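Please read the structure below before turning to the comments.
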Amino acid sequence: MDELNARVRAICDLNVADSREGSGRHEYDGRAQDLSPAGVAAGLAALRAARAGSPALADSHDEAHLRAFEDLQQVVYGDLELHRRSPLHLLGELDLACYDKDYAPPAQRAAARAAHLAAWPRVIDAALASLDSVSAPVASGLLGAVRGLAAGLPDGAYLQSRDAALAAHARLVEHVEAAAKNGDPDCALGAAGLSTLMSTSEAMPVDIGDLARRADAERDRLLERLRESCALIDSSRPVLDVARELVRDHPDRAGVLEAARYWTTRALDFTRERDLVPYHDGTCVVEEAPPSRRWAMAMITVNAPGEPDGPSYYHITPPEESWLAEETEEWLEVFSATTLPAITVHEVAPGHFSHGRAIRYAPTEVRRVLGSMAFIEGWAHYAEELCVEEGFLADDPRFAIGVWLEALVRVTRLACAIGVHTAGMTVAEAAGRFESDTHLLGSAAASEARRATFDPTYGRYTWGKLEIYRLRERAQRQWGPDFTLHRFHKALLDLGSPPLGLIGTAIDRG
């Protein structure tokens, strides 16, 4: 594996889990990041030293991209100290599901898993020294995920490590349970904190008030599009009533994987026929999610750029056979004939899987290794509406309805993240907003609302989509008759996953 630039390496050392799985840097196999106060301080010191001791990159865009990620580490770990406020960073560092992917021989991956598991006690105890500012809402929102870390732990040859790991895990659960009961009831970052986090991560100034207004305008546009599409089904009833009835048309537990495989093939074929992305190679395997990732209903694990060429995995989680009927029904609605096609377009093609293939061809190290989550999720969200524009399933209004429903959930995330962190919105009020503006009800709406507490930038889906559309309009004006979707998408994806403030390079150089 190629050696990283010292500045890129310092960033990766502060994001071990993301670097290992998202970028395919498997020199981090068997390792987890030291999130103790001393470990974080050492990481930031190494970051500053690497920046001071290394020359600027020759490509001005890549230099700006790299600097944005350097600045973000200082904000996350130094200014806002998010590793003290939330166990979310630790959850990623403890995750063992990354070794399920077939990127290396089984014995090599098994040895890495064993080493990683053996490190759990040290990593957890180090992180507990930092987790002294966890608010009650954040702890409550993540408690289920923290408890679920132990799902699917290996046994047998790892029995001794497993016992020690489970004991450390119990200490972590106890710590988070205590924070859920006794922590600060206020989880807000504040307007300045949220603005700094978003501005730095995307290398662009962010006016939180203006972004909230854009979110409301996008919600209104989406509701109108939903009304238009639902009218083709039943114009006499409220649109959300129509939508909530549609999502009850879904496969049973045994049919979920088959449905996902069918829509994966349809999405890949359509993307290839319309030439919507620069590369159409690679393999996407649809399979049931590993035990440690069964909290996610549907997600992609891409063949990362640092790995040998191999398959990506579209993981699907059917409901457990032991669940109550009501819980099973609520879960299966995600896989309805209305919503699963839109989810598959997002996760597979022309969304995350297609983007992942493009990143493998990105021309520089910075573009292959450092990815903006707002761009990554914004691209996949843009891909959904792109497919509506291009006529995917144009004879069935359910596809467009599914896209509008998913988009309404994403834009409500943006509104609630801003509300919870800058405007005193409570989790209950956020859940009410999801119930009024989306098709989600009850526990599903409450789950989305809780996410705002520990994932303050989860509005990135809509934000990224809006910025990509804004750039596309600019490309259409500047390129005139030479504009094509393929040209625009190739110029954009050649940048990898750039901060949103730097995506204009696609037009300047495209």
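Structural remarks
Here's the yes/no breakdown for (1) over 27 Å from the mean Cα position of the chain (by Cα); (2) surrounded by fewer than 19 Cβ atoms within 10 Å (Cβ to Cβ); (3) among the hydroxyl-bearing types (Ser, Thr, Tyr):
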| site | (1), (2), (3) |
| --- | --- |
| Arg48 | yes, yes, no |
| Asp59 | yes, yes, no |
| Glu63 | no, yes, no |
| Ala68 | no, no, no |
| Gln73 | no, no, no |
| Leu80 | no, no, no |
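- None of Ala417, Ala431, Ala400 is crowded, with 24+ Cβ neighbours inside 10 Å, within 23 Å of the chain's Cα centre (by Cα), at pLDDT 95 or above and under 23 Å from Val146 (Cα atoms) except Ala417.
- In this entry, Ser354 is excluded by the filter for residues that are at pLDDT below 95, on the phi < 0 side of the Ramachandran plot and polar (S, T, N, Q).
- Considering (1) assigned to a helix (DSSP H, G or I); (2) buried (at least 21 other Cβ atoms within 10 Å of the Cβ); (3) under 22 Å from the mean Cα position of the chain (by Cα), the lone condition that Ala444 does not fulfil carries the number (2).
- Subset of region 255-302 [touching a residue at least 60 places away in the same chain (Cβ under 8 Å), more than 13 Å from Gly351 (Cα to Cα) and among the polar types (S, T, N, Q)]: Ser292
- Looking across Arg450, Arg410, one residue alone is of a type outside the set (Ser, Thr, Tyr), touching a helix residue (DSSP H, G or I) at 6+ places or on another chain (Cβ under 8 Å) and free of Cβ contacts under 8 Å to residues at least 60 places away in the same chain. It is Arg410.
- Qualifying strands (runs of 3 or more DSSP E) (wholly inside region 202-319; at least 1 residues being surrounded by fewer than 19 Cβ atoms within 10 Å (Cβ to Cβ)): 284-288, 298-301
- Out of Leu324, Leu332, one residue alone is over 19 Å from the mean Cα position of the chain (by Cα) and more than 23 Å from Ala260 (Cβ to Cβ). It is Leu324.
- Selection count, region 43-66, where residues are in contact (Cβ under 8 Å) with a residue 60 or more places away in the chain and assigned to a helix (DSSP H, G or I): 5
- When residues of region 469-502 are limited to those that are under 19 Å from Pro305 (Cβ atoms) and assigned to a loop (DSSP other than H, G, I, E, B), the one farthest from the chain's Cα centre (by Cα): Asp494
- Subset of region 85-99 (residues that are charged (D, E, K, R) and either crowded, with 19+ Cβ neighbours inside 10 Å or without any contact (Cβ under 8 Å) to a residue 12 or more places away in the chain (or both)): Arg85, Glu93
- Residue within region 235-242 that is of a type in the set (A, V, I, L, M, F, W, C) and in contact with a strand residue (DSSP E or B) (Cβ under 9 Å, 6 or more places away or on another chain) present: no
- A search for C-beta distances below 9 Å between a residue of region 194-205 that is without any contact (Cβ under 8 Å) to a residue 24 or more places away in the chain and farther than 18 Å from Gly504 by Cα and any residue that is assigned to a helix (DSSP H, G or I) and of a type in the set (Ser, Thr, Tyr), counting only pairs 6+ apart in sequence or on different chains, returns Ser195/Thr422.
- Within region 104-136, restricting attention to residues that are hydroxyl-bearing (Ser, Thr, Tyr) and surrounded by 19 or more Cβ atoms within 10 Å (Cβ to Cβ), the residue that is farthest from Asp186 (Cα to Cα) is Ser130.
- Criterion (part of a loop (DSSP other than H, G, I, E, B) and at negative phi) met by exactly one of Ala342, Ala394, Ala400: Ala394
- When region 346-367 is limited to residues that are in contact with a Gly (Cβ under 6 Å, 6 or more places away or on another chain) and in a helix (DSSP H, G or I), the one that is nearest to Arg9 (Cα to Cα) turns out to be Arg367.
- Odd one out for Glu81, checked against (1) at pLDDT below 95; (2) on the phi > 0 side of the Ramachandran plot; (3) not aliphatic (A, V, I, L, M): (1)
The values are calculated or read from the model by the stated rules, or taken from the named source; none is laboratory data. Computed from a predicted structure; not experimentally measured. Reconstructed Cβ throughout: ideal geometry from the backbone, glycine too, with neighbour counts over all protein chains shown.
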